[in-house]
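Trainee: The structure's right below; bear with me while I get my questions together.
Here, each number is a calculation from the coordinates, and none is a lab measurement. In this text the structure is predicted, and so the values were computed from the model without any measurement. Note: ideal-geometry Cβ built from the backbone for every residue, glycine included; neighbour counts use all protein chains shown.
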């Protein structure tokens, strides 16, 4: 299960729009910064293909200025 965390920077005055857009995406958790125009985004998907699709979906949001991955790891499923 790939779990990745990102820092998402919105366009100027678009923080709430970005929060709303990201909050509507399944397998995506959004944590807004209290003192900066910055969001922490955590994704938890079933496989790398699903993660790639989710990242493309996030990157297509018009209020998103920059998305930077901070951490990522893949936990293999137990047999």
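Trainee: By how many nm would the segment from residue 25 to residue 69 lengthen if fully extended, with 0.36 nm per residue of separation less the alpha-carbon distance?
Mentor: Extra length from residue 25 to residue 69 when fully extended: 14.1 nm.
Trainee: Run the simple label-point estimate for residue 46 and residue 17 please: 7 Å along Cα→C-beta, distance reported in nm.
Mentor: In this crude spin-label approximation the distance works out to 3.3 nm.
Trainee: On to the next question. Considering just Cα atoms, how many Å³ per residue does the convex hull of region 2-67 enclose?
Mentor: 67
Trainee: Can you give me the C-alpha center-to-center distance between region 27-46 and region 9-24, rounded to a whole angstrom?
Mentor: 10
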